[in-house]
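Each remark here refers to the structure printed beneath this line.
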Amino acid sequence: MVVSCTSQPYSQGHAIYTAHCEGCHMEDGSGLADLIPPLDSSRLTLSDPSKLVCLIRKGLPFNTFTGQQMPSNTSMTDVELANLINFLGVEYGLNPQTIKVTEIKKMLAACQSE
Amino acid sequence: MKNYFSLSGSLLLIMLFVGCHAEPDRLPILGNIEVRGTDTLYHLIPDITLIDQDSQVLKIASLDNKVVLVDFFFTSCPSICPKVKKQMLRLYDRYEHDDRVMMISHTIDQRHDSVTVLNRYAHNLGVNTDKWKFVTGEKDSIYFLADQYFVSVVEDPTAPAGFDHSGRIILMDPHRKVRGYCEGTDPESVTAFFETVDQLLKEEYK
């Protein structure tokens, strides 16, 4: 990763990223051309954790810009989701505040009712 | 003492091996080789009819005098395909202005990856489709073709998105013979593959 191990405290989040996200978004978060969005430019989702939580959990059946789908992650637990989002926040410096599991639960409840 | 001799013996063998392969004059022709009388028959990629991202017919045998880089994928693949495509892009960047090289990506998902879907995929990948074709065809033909390229492709409901396939990138010469491959999921394998492609270009266009 771009950031060294010492400045990235979320090693579990990193492991979850490797298992669930890296295949498409790449190890360095660079994505793929106009098909898979790079994470460092996804300011909309990364600056608003509640949107990011819903996006990761529910996926996106069809992204109208890329023509691609993003798979849902229904098997990911709330704790894993919190670790992942905190990892992304530190890695891309866009969402520095730590999200707690209780907040994740609230955000998930909110996106399910949409 | 015994160990010493066996060590020097194996060193000698290694040196002999290196000696034999120090100047590889030609890339190997992969696949079964059959000798019939005075003829040697090599493994040939069959001339299958494909349909490209612009709905045009593409016959493999009509790729006159081109060295072709081949892979198999599907556009909704959540596992290895994006990584392979990233490596195919490295190859594209390297040979973009070399007219002797062509690239073909075959979809293995005939149900979802229509010509329209392939067209959009190519467009969003940002590549010149005169050089890099995205093709579909009869499902059986594509799966047979993958097998002929030594790429394993299996429809598997338990695999991510329903397909299990290898991320190999294959190098075919202008005579439809397979001359090399690399693992498209491994950037180092692809870096080494640059030399293989360069060597084939040297062999074919003297």
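Details
- Solvent-accessible surface (1.4 angstrom probe) belonging to B:Val117, in square angstrom, nearest 10: 40
- Cα convex hull volume per residue for segment B:61-206 (Å³): 102
- Rounded to the nearest 20, the Cβ-based charge dipole of segment B:40-204 about its Cα centre (Lys and Arg +1, Asp and Glu -1) stands at 160 debye.
- The ratio of the alpha-carbon radius of gyration of segment B:26-71 to the globular-protein estimate 2.2 N^0.38 Å is 1.51.
- P(r) tail for segment B:151-206: Cα pairs beyond 16 Å make up 53% of the total.
- Within 10 Å of each Cβ in A:23-35, the average number of Cβ atoms from other chains: 5
- Altogether, the Stokes-Einstein calculation at 4 °C and 1.567 mPa s, with the Kirkwood radius of the protein assembly as shown over Cα pairs as Rh, returns a diffusion coefficient of 58 µm²/s.
- In chain B, helical runs assigned H by DSSP with n ≥ 4 each contribute -39500 (n - 2.57); averaged across all residues and rounded to the nearest 500, the mean residue ellipticity at 222 nm is -11500 deg cm²/dmol.
- Within a Gaussian network of chain B (alpha carbon springs, distance under 10 Å), most fluctuating of B:Leu91, B:Leu125, B:Leu44: B:Leu125
- Threshold 50 Å², segment B:76-103 residues less accessible with all protein chains present than alone (1.4 Å probe): B:Pro82, B:Lys83, B:Lys86
- Rounded to the nearest 10 Å², the accessible area of A:Cys24 at probe 1.4 Å: 30
- Only Cα pairs under 8 Å and 6+ residues apart enter the sum, and on that basis the relative contact order of segment B:51-206 stands at 29 percent.
- Average accessible surface for chain B: 54 Å² per residue, computed with a 1.4 Å probe over protein heavy atoms with every protein chain in place.
- Across segment B:138-194, Cα pairs under 8 Å and at least six residues apart give a relative contact order of 19 percent.
- Summed over both chains, the contact between A and B buries some 1200 Å² of accessible surface at a probe radius of 1.4 Å.
- B:Arg94 accessible area, 1.4 Å probe, all protein chains in place, Å² to nearest 10: 110
- Estimated D of chain A in µm² per second, where Rh is the Kirkwood radius over Cα pairs and Stokes-Einstein applies at 25 °C, 0.890 mPa s: 173
- FRET efficiency for the A:Ala110 to A:Thr64 pair, using the beta carbon distance and R₀ = 35 Å, is estimated at 0.90.
- The string of couplings for segment A:51-59 from the Karplus curve (6.51, -1.76, 1.60, θ = phi - 60°) is 5, 5, 4, 5, 4, 5, 5, 9, x Hz, one whole number per residue in order, with x for Gly and Pro.
- When a 1.4 Å probe is rolled over the protein heavy atoms, the share of accessible surface on segment B:40-204 that falls to carbon and sulfur comes to 48 percent.
- For the protein assembly as shown, the share of DSSP beta bridges that are antiparallel, to the nearest 5, is 65%.
- Residue-wise HN-Hα coupling along segment B:131-143, computed from phi with Karplus coefficients 6.51, -1.76, 1.60 (Hz; x: Gly, Pro): 9, 10, 9, 10, 10, 10, x, 4, 4, 4, 5, 5, 5
- For chain A, the relative contact order works out to 28 percent when only alpha carbon pairs closer than 8 Å and six or more residues apart are counted.
The values are calculated or read from the model by the stated rules, or taken from the named source; none is laboratory data. Since we're looking at a predicted model, the values are computed, not measured. Cβ coordinates were reconstructed from backbone atoms using ideal geometry, including for glycine residues, and neighbour counts include every protein chain displayed. These area figures cover heavy atoms from the full protein model, side chains too; ligands, DNA and RNA do not enter into them. Shrake-Rupley method; radii C 1.70, N 1.55, O 1.52, S 1.80 Å.
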